[in-house]
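Down below is the structure, laid out as structure tokens.
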Amino acid sequence: MRSRLVALTGVTLIVLLAVGVAIAANGDRSNALQKAIDGGRAKNVILLIGDGMGDSEITIARNYAVGAAGHLAMDDFPLTGQMTTYSVLPDGKPDYDPESASTASAWSTGHKTVDGRISTSPSDQDLATILELAKQDGFRTGNVTTAELTDATPAAPMSHVVARGCQGPQDMSACPQDKKSAGGPGSISEQAVQHGVDVLLGGGKARFDQVIPAGEGPYAGQTVIQQAQALGYKLVTDKAGLLAAQPGTKLLGLFTPINMSLDWGGLAATNPPSGPGRCQTGLQSANEPTLADMTSKALGLLDAKISGPGKDQPGFFLQVEGASIDKRDHAAQPCEQIGETVDFDAAVRVALDFAKKNKDTLVIVTADHAHTSQIVEVNATPAGASSILETNEGAQMMVTYGTAAGDPRVVSQQHTGTQLRVAAQGPQAGNVVGLIDQTELFQIMARALGVN
Ligand SMILES: [Zn+2]
């Protein structure tokens, strides 16, 4: 997605990246890279997470959707690095294959923790998050996902529990010490609204429909939605409601009972391989917003001018998650996985368009951990389940899944432990270059916002 223009002399061809950085005609990017490095402060931070989106998942989606030589929106950032994602075991040794709770806790808090924990240390201490620090310093905050809003990735910046399953007030069996009756903050859904996050958009309505049990705090006997409304939230449950939402009140958008639905389908991976064939598209219900719709609305609300003392565009922290890249990789469904990556990339495009008009915005695009899918030769006979896809450029691509034995409709594929791409632009973005660890994202974002 590059626009080209010929300079007035008619001799020099200048290519403009989406970020507006000029590259010399001979391909020398030195000047452009120097200009992209800004050690200053950001007014806004947008962190976009493709869950389970390793280099394979990006390449598979690029090949299918825009061609091997094409560029996704996420491919046009001026500065990229590599990022390690390991978590820790209870004895402090590294856990080389992490999951979404420990990884989201890492960038949210700057600390490594044990798989399954949400922004709590291995010794049960609550760890302050970037969203909490931003809110404390007067920034607006937002959290957007295609998963349940209480799922691990969105949970980490806005809650603290010892086990990621403790998502609603009726789901607290693994977190006795986090119950309000034990002096804790309650479930993830309760903590989300107690934190007063300005914009909360995603799936997982069933968690917020749960009734808070007797003895569990001042809202016992009510649902979490009723608690949210008592705390000043407006509730929307479909795309029309989302689009009509106006600034001035906190917004809770819950569009599906569990995960939001998928837009692409077809060609489940099998052994021998399914296909060759094309993916189906356009399957998501028109009543449900896309991730790009949610991101666009969240940016509009978080950046809105509201008159009154101290209310004038304070800047914001927004996290956006494309959650089902991971979930459909687990299920060995390449078309669904590609569709979710393309859907995520459309949200990246929305963030880039915002940053074009608001240059004091740090935008980071990365993933939480790597995953299973691999591109192999179309005549290969891999041990796992595979599909042969016919891409938009008319070629064949075999995608295989081989991290769990057995029928992939029954057995879940596993995360993998390889490093990830991290891409960024705006103030502090230069700090993603090289090999960093996921915990360093916390420091980068904290420095950009000037919070600690
Ligand atoms: Zn996963």
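The values are calculated or read from the model by the stated rules, or taken from the named source; none is laboratory data. Given the structure is predicted, the values throughout are model-derived calculations rather than measurements. In this analysis, Cβ positions are derived from the backbone assuming ideal geometry, glycine residues included, and neighbour counts consider all displayed protein chains.
In the range 176-190, what residues are at negative phi, surrounded by fewer than 23 Cβ atoms within 10 Å (Cβ to Cβ) and not basic (K, R)?
P176, Q177, S181, A182, G184, P185
Please go through the range 355-392 and pick out each residue that is within 16 Å of the ligand (Cβ to nearest atom) and either loosely packed, with under 15 Cβ neighbours inside 10 Å or among the acidic types (D, E) (or both).
D368
Identify, by number, the condition in (1) small (G, A, S); (2) buried (at least 18 other Cβ atoms within 10 Å of the Cβ); (3) away from the ligand (no atom under 16 Å from the Cβ) that A69 doesn't meet.
Going through (1) small (G, A, S); (2) buried (at least 18 other Cβ atoms within 10 Å of the Cβ); (3) away from the ligand (no atom under 16 Å from the Cβ) one by one, A69 breaks only (2).
Would you call K135 at pLDDT 95 or above, in a loop (DSSP other than H, G, I, E, B) and under 30 Å from R41 (Cβ atoms)? Walk me through it before giving the result.
On the way: at pLDDT 95 or above: yes; in a loop (DSSP other than H, G, I, E, B): no; under 30 Å from R41 (Cβ atoms): yes.
Taking the combined requirement at face value, the residue does not satisfy it.
Among the numbered criteria (1) closer than 20 Å to I258 by Cα; (2) surrounded by 18 or more Cβ atoms within 10 Å (Cβ to Cβ), which single criterion is violated by D209?
Of the numbered conditions (1) closer than 20 Å to I258 by Cα; (2) surrounded by 18 or more Cβ atoms within 10 Å (Cβ to Cβ), the odd one out for D209 is (2).
Does T418 fit the bill of being in a loop (DSSP other than H, G, I, E, B), of a type in the set (S, T, N, Q), within 23 Å of the chain's Cα centre (by Cα) and at negative phi?
Details: in a loop (DSSP other than H, G, I, E, B): yes; of a type in the set (S, T, N, Q): yes; within 23 Å of the chain's Cα centre (by Cα): yes; at negative phi: yes.
It is true that T418 is in a loop (DSSP other than H, G, I, E, B), of a type in the set (S, T, N, Q), within 23 Å of the chain's Cα centre (by Cα) and at negative phi.
When residues of the range 50-105 are filtered for being farther than 22 Å from Q413 by Cα and in a loop (DSSP other than H, G, I, E, B), how many remain?
13
Please pick out the residue among A395, A404 that is within 16 Å of the ligand (Cβ to nearest atom) and either farther than 16 Å from D55 by Cα or crowded, with 24+ Cβ neighbours inside 10 Å (or both). So that I can check it myself, show each step before the final result.
Values: A395 fails: within 16 Å of the ligand (Cβ to nearest atom).
The unique qualifying residue is A404.
Could you figure out which of (1) among the charged types (D, E, K, R); (2) surrounded by fewer than 24 Cβ atoms within 10 Å (Cβ to Cβ); (3) farther than 20 Å from A367 by Cα isn't true of R140?
(2)
Within the range 407-437, restricting attention to residues that are in contact with a Gly (Cβ under 8 Å, 6 or more places away or on another chain) and hydroxyl-bearing (S, T, Y), which residue is farthest from F77 (Cα to Cα)?
Among them, the one singled out is T416.
Filter the range 382-394 down to residues that are of a type outside the set (D, E, K, R), part of a loop (DSSP other than H, G, I, E, B) and in contact (Cβ under 8 Å) with a residue 12 or more places away in the chain, then give me how many there are.
Initially, the range 382-394 is screened for residues of a type outside the set (D, E, K, R), giving 382-389, 391-392, 394.
In the following step, the residues that additionally are part of a loop (DSSP other than H, G, I, E, B) were identified as 382-384, 391-392, 394.
Applying the additional criterion that residues be in contact (Cβ under 8 Å) with a residue 12 or more places away in the chain yields 382-384, 391-392.
Qualifying residue count for the region: 5.
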